[in-house]
């Protein structure tokens, strides 16, 4: 599949997609959205300074790599069920790994951990795999602040952690104050932390929470920034230089939860004041995450179903 479907516009893809047995997604009213590449079940994109996109493939447990020139390859086999990714300021790949999976119909158990890989040498270090001696349950998504501190969610574990450096780990949020924390982001000025709640149970929190982020990396003053209930909440999100969130949310087909179809599949652009500024529709379920990249940081890469999409934006994004 190397380089297959890369950088082709949605129009005229029917033949190419049919050759590999994939359904043709339709994107009416979103003509500028392009397919960057197509694999199986995509998640967690992150883009390095050279424009290479790294993203996870959750069915066959791989981290994929799509170069700026459109060449698709496998960066890492047996990914330990890697999900959310981040490229740190030193150009290293940070990965949330190890959530239990049943995507193949068989329950699979992995080692929950946060890893960091030097992209030049391939050397991988484990940054954290437990809190006070208790293993994580399933690290899901990760972001970074201006001081280089990492913040990550443990969705099934109902907690948010901060990594200040080697061996320096703090839990900043936990149940019952939060339910199922998913995507996480920090404002450009490092003064706000945004957290997606993705609880599909009846009455569950399906929203973006906002917190004041203090200088010491702790949070307070929680408020509801944007509410997706009763529809499907967002999964992951990115942020632009003006502080607008780009949240991948919604669904176009029911999936056996209490979530409704009120929230359509797409990217919800939400202002720092919690107002919906723009909606970018994506026809393919289930949408998962997004990240900014490109030389001007105005290309938004979106993972949904089997596909990695890309769309140009007016405002540059941040590599968080």
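Of all the listed residues (139, 176, 166, 135), the sole one being under 30 Å from residue 274 (Cβ atoms) and in contact with a strand residue (DSSP E or B) (Cβ under 9 Å, 6 or more places away or on another chain) is 139. Annotation note: of 209, 255, 223, the sole residue that is more than 19 Å from residue 276 (Cα to Cα) and either without any contact (Cβ under 8 Å) to a residue 60 or more places away in the chain or in a strand (DSSP E or B) (or both) is 255. State all residues of region 146-159 that are touching a residue at least 40 places away in the same chain (Cβ under 8 Å) and more than 15 Å from residue 132 (Cβ to Cβ); if no residue qualifies, say none. Those that are touching a residue at least 40 places away in the same chain (Cβ under 8 Å) and more than 15 Å from residue 132 (Cβ to Cβ): 146, 147, 148, 149, 150, 151, 152, 153, 155, 156. Within region 138-152, the set of residues being assigned to a loop (DSSP other than H, G, I, E, B) and under 13 Å from residue 182 (Cα atoms) comprises just one member, 138. Give region 42-58 a look and list any residue that's touching a strand residue (DSSP E or B) at 6+ places or on another chain (Cβ under 9 Å) and surrounded by fewer than 15 Cβ atoms within 10 Å (Cβ to Cβ), or say none. Passing the criteria: 49, 51. If you go through region 105-137 and keep only what is surrounded by 12 or more Cβ atoms within 10 Å (Cβ to Cβ) and in a loop (DSSP other than H, G, I, E, B), you end up with 110, 111, 112, 118, 119, 129, 136, 137. Residues in region 185-206 that are more than 18 Å from the chain's Cα centre (by Cα) and assigned to a strand (DSSP E or B): 192 alone. For region 240-252, a residue qualifies if it is buried (at least 24 other Cβ atoms within 10 Å of the Cβ) and either in contact (Cβ under 8 Å) with a residue 60 or more places away in the chain or under 20 Å from residue 151 (Cα atoms) (or both), and the qualifying residues are 245, 246, 247, 248. Within the set 94, 39, the sole residue that is more than 15 Å from residue 293 (Cβ to Cβ) and surrounded by fewer than 24 Cβ atoms within 10 Å (Cβ to Cβ) turns out to be 94. Under the condition of being buried (at least 21 other Cβ atoms within 10 Å of the Cβ) and closer than 18 Å to residue 84 by Cβ, the residues counted in region 279-306 number 13. Taking every residue in region 99-124 that is at pLDDT below 95 and pairing it with any residue that is exposed (fewer than 10 other Cβ atoms within 10 Å of the Cβ) and assigned to a loop (DSSP other than H, G, I, E, B), at least 6 positions away or on another chain, the pairs with Cβ-Cβ distances below 8 Å are 100/107; 101/107; 108/102. Looking across region 152-178, the residues that are on the phi < 0 side of the Ramachandran plot and under 18 Å from the mean Cα position of the chain (by Cα) come down to 152, 153, 154, 155, 156, 157, 159, 160, 161, 162.
Identify all residues within region 129-145 that are over 19 Å from residue 91 (Cβ atoms) and without any contact (Cβ under 8 Å) to a residue 60 or more places away in the chain; write none if there are none. Hits for region 129-145 are 129, 130, 131, 132, 133, 134, 135, 136, 137, 138, 139, 140.
The values are calculated or read from the model by the stated rules, or taken from the named source; none is laboratory data. Just so it is clear, the model here is predicted, and its values are computed rather than measured. Heads up, the Cβs are rebuilt from the backbone with ideal geometry, glycines too, and the neighbour counts pull from every protein chain shown.
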